[in-house]
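Below: one structure, written as structure tokens.
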Amino acid sequence: MKKQINIIIVDDHDLVRDGIRSLLNESVEVNVVDEAGNYQELKKKLEIHTPDVILLDINLPETSGVEAVRLLKPEYPDVGFLMLSMFTNEEFVMNSVKAGARGYLPKNTTADELHEAIVAVYEGREYFSKSISEHVFLQMMRKTREDVSTSEKMQNLTEREIEVLKKVAEGMSNGDIADQLCISIRTVETHKSNVLRKLKLNNTVELVKYAIQHNLICLDT
């Protein structure tokens, strides 16, 4: 490792930037070369400095931190992007990774962990705090269980019940469904009742929401 890792801090709060700079000034390995309050400021700073690591918040005005990474990564492929945010849910973490970030830390991280993350990202490694890794893992596990539960419920439906479910969700009346499937209206109502019972839904509105959430119908855009 070279003597110092040059970084730029990006956050729209002066107090936060001052606090981070103060923490990092205690490190002989990290050198804060500049700071910015938003994406446009960062672009101007990058005309002067090309840092090793950019430490940036997600919640920036106008252009988010995630979008900033996505826009800058192609132009600065050798720069390591490290996210520092109060938002720690799976969506923000995954979007950051997809944009090109190598690491993600919560804002209540310790000075030691911040330093460790900067070094890791500088060396080309990924770094995610333990709390974020556990949180994302739990969210993914919960989503997996929900998907399994949905799959199990769908397996309980007959092919004809699934047909009726989709047509109801598409807004067709019982009469139209009966005509299209060549069955009686009473049979349609029976299938519909069975679908609601098996999926543990209360009414047609919930059935439509269920179909949309689980991609059983396509919505026109």
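None of the figures in this text is laboratory data; all of them are computed from the coordinates on show. Quantities reported herein were computed from a predicted structural model and do not represent experimental measurements. So basically every Cβ, Gly included, is an ideal-geometry build from the backbone, and we count neighbours across all protein chains shown.
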Cα-only radius of gyration and Dmax that characterise the range 5-135, units Å: 13.0, 38
- prompt: What nm distance separates the two modelled labels at LYS166 and PHE87, each placed 7 Å from Cα along Cα→Cβ?
  reply: 3.5 nm
- request: May I ask you to sort ASP12, ASP112, ASP78, ASP18 by Cβ crowding, counting other Cβ atoms within 10 Å and putting the fewest first?
  value: ASP78, ASP112, ASP18, ASP12
- line: Ranking ILE212, GLY171, ILE183 by how far each Cα lies towards the positive end of the charge dipole of the range 156-212 (+1 on Lys and Arg Cβ, -1 on Asp and Glu Cβ), the top one is ILE212
message: Could you order the peptides 162-171, 64-73 from most to least packed, using the average number of other C-beta atoms within 10 Å per residue?
response: 64-73, 162-171
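Provide the net charge surrounding VAL16, with neighbours chosen by a C-beta distance below 14 Å and charges set as Lys +1, Arg +1, Asp -1, Glu -1.
-3
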query: So what are the radius of gyration and Dmax for the Cα set of the range 1-51, in Å?
result: 11.1, 31
message: With the crude spin-label approximation of a point 7 Å out along Cα→Cβ, what separation in nm comes out for SER173 versus LEU71?
response: 5.2 nm
statement: Answer in debye to the nearest 20: the dipole magnitude of the range 5-135 about its Cα centre, from +1 Lys/Arg and -1 Asp/Glu charges placed on Cβ, is 260 debye
field: Local electrostatic count at THR110 - Lys and Arg +1, Asp and Glu -1, tallied over other residues with Cβ under 15 Å
entry: -2
- line: The residues MET83, MET94, sorted from fewest to most surrounding Cβ atoms within 10 Å, come out as MET94, MET83
statement: Listing GLU161, GLU62 by rising number of other beta-carbon atoms within 10 angstrom, fewest first, gives GLU62, GLU161
statement: Among LYS43/LYS107; LYS73/LYS107; LYS130/LYS209; LYS98/LYS130; LYS44/LYS98; LYS45/LYS107, the pairs whose Cα-Cα distance exceeds 31 Å are LYS130/LYS209
statement: In debye to the nearest 20, the charge dipole size for the range 156-213, taken about the Cα centre with +1 at each Lys and Arg Cβ and -1 at each Asp and Glu Cβ, equals 260 debye
- prompt: If you stretched the chain out fully between VAL205 and ASN59, how much longer would it get, using 0.36 nm times the residue separation minus the C-alpha to C-alpha distance?
  reply: 49.0 nm
